[in-house]
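Colleague: First, the structure itself, so that you have it in front of you.
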Amino acid sequence: MRNKPSLFAIAALCAIGVAGCQNTLRQDMANQPRQNPLSPSDFFADGRSERPAIENTVARGSVQDDSLIVPKESNAFPLPLTAELLERGQQRYGIFCTPCHGIQGDGLGMVAMRGMKHPPSYHQERLRNVPNGYLYDVVTNGFGAMYGYSAQIPPRDRWAIVAYLRALQLSRNAPVGQLPAELREKLMAGGTAK
């Protein structure tokens, strides 16, 4: 009989201890101090929890009113096509795109040759007919297994890559009527004329 009151006392002390420590021992991520957007706050003098943007700061990420951004359905090209732009595109393509897409854009890059999924060839009819805005969007945001390169490649260089992709596509699919006369003659002669 002496044990019943002692057990009762011990159980009561444990229950009080557990009840008193419930909030301090429980780690619940949903139970954190926070402020709801636009809710009042005693922390700041003006009583607002939402703070105004700090003067002279620049938003991180792409700004939607950038003049180089065009819709995915657009075939517009916001930069003048120059030899320098194509050279820059070739350089950037060599750095960022050839590991997967290959030097010729045929999807036979080193990453693909080592067992990763082969990307599509740029010389497919479907990809030759997509708008420039679509190619720019894929370079920016990625598609399928391809990651987006918006953090690594600035917008001007993305357009340079798109220009170079179009040059790659044209290099394999140029209509004979659009070739310069000297190249047309060389082609008609079987490629032997110099």
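Colleague: Starting from the Cα of V176, step 7 Å along the direction of its Cβ; do the same at A53; then give the gap between the two resulting points in nm.
Modeller: Computed distance between label sites V176 and A53 equals 5.7 nm.
Colleague: In the calculated pair distance distribution of the chain, what percentage of Cα-Cα distances lie above 29 Å? Numbers along the way, then the final one.
Modeller: Numbers: 10204 of 18721 pairs.
Counting pairs separated by more than 29 Å, the tail of P(r) holds 55 percent.
Colleague: Separation between the I16 and S150 pseudo-spin-labels, each 7 Å from Cα along Cα→Cβ, expressed in nm?
Modeller: Here the modelled spin labels are 5.9 nm apart.
Colleague: Could you tell me what a quarter of the Cα convex hull surface of the range 83-188 works out to, in nm² with one decimal place?
Modeller: Values: hull surface 30.1 nm².
Approximately 7.5 nm², given one-decimal rounding.
Colleague: Given H placed 1.01 Å from N in the peptide plane, which residues other than close sequence neighbours of R48 have an amide H under 5 Å from its amide H?
Modeller: Long-range HN contacts for R48: S41.
Colleague: Grab the DSSP H runs of the chain that are 4 residues or longer, score each as -39,500 (n - 2.57), total them, divide by all residues and round the 222 nm result to the nearest 500 deg cm²/dmol.
Modeller: Details: 9 runs with 85 residues, N = 194.
Result for the chain: -12500 deg cm²/dmol, rounded to the nearest 500.
Colleague: Rounded to the nearest 0.05, what FRET efficiency do K117 and M29 have when you use their Cβ-Cβ distance and R0 = 35 Å?
Modeller: Values: r = 36 Å, r/R0 = 1.03.
FRET efficiency, K117 to M29: 0.45.
Colleague: Counting only chymotrypsin sites (Phe, Trp or Tyr not before Pro) that sit in a DSSP loop (anything but H, G, I, E, B) with at most 12 other Cβ atoms within 10 Å, what is the longest stretch of the chain containing none of them?
Modeller: Working: sites that count: F43, F44.
In short, 45-194.
Colleague: Which is the longest part of the chain that has none of the GluC sites (Glu not before Pro) sitting in a DSSP loop with at most 13 other Cβ atoms within 10 Å? Write out the running numbers ahead of the final one.
Modeller: Numbers: sites that count: E50, E55, E73.
My reading of the result: 74-194 is the longest stretch.
No value in this document is a laboratory result; all are computed from the given coordinates. All values derive from a computational prediction rather than experimental measurement. Every residue, glycine as well, gets a Cβ built from its backbone with ideal geometry; the counts of neighbours run over all protein chains shown.
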